[in-house]
Amino acid sequence: MRACRAFVAGILLWAGVAPAAAAEAPPGAASCSGCHAAKAGVDTPVARLAGQDPAAIVAAMQAYRSGQRPATVMDRIAKGFSDDEIKAIAAWYGTQR
């Protein structure tokens, strides 16, 4: 358990988010729940973000933004976020379960 907390704290520090602020969603994170299910039992073709690896979320968002990853709407959505905003959102979703 201690190693898990240390890992999460490291991710948050990497993302520039203070661990105490992790419980509160960063600006922009709430908009993701329009397509990405917040609860584990929801059946949807859109991936659930909660508990995902923050680095994978950042990489996906950057790939959408650059056009390297095909998308229907995510390419346009990703262009609306700065790198710091993407990192903060990814770190927050990584701590959610």
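No value in this document is a laboratory result; all are computed from the given coordinates. Nothing here was measured: the structure is a model prediction, and the numbers come from that model. Methodologically, a virtual Cβ is constructed for each residue, glycine included, from the backbone with ideal geometry; neighbour enumeration extends over all protein chains shown.
Summary of computed values
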| item | result |
| --- | --- |
| Phi-based couplings in Hz for region 42-51 (Karplus 6.51, -1.76, 1.60; Gly and Pro marked x) | 7, 8, 8, x, 8, 4, 7, 8, 4, x |
| Residue-wise HN-Hα coupling along region 84-97, computed from phi with Karplus coefficients 6.51, -1.76, 1.60 (Hz; x: Gly, Pro) | 5, 5, 4, 4, 5, 5, 4, 4, 5, 4, x, 8, 7, 10 |
| Summed residue charge, Cβ within 13 Å of residue 32's Cβ, Lys/Arg positive, Asp/Glu negative | 0 |
| FRET efficiency for residue 24 and residue 47, using Cβ-Cβ distance with R0 set to 22 Å, rounded to 0.05 | 0.45 |
| Net charge of Cβ neighbours under 14 Å - reference residue 67; Lys, Arg +1; Asp, Glu -1 | +3 |
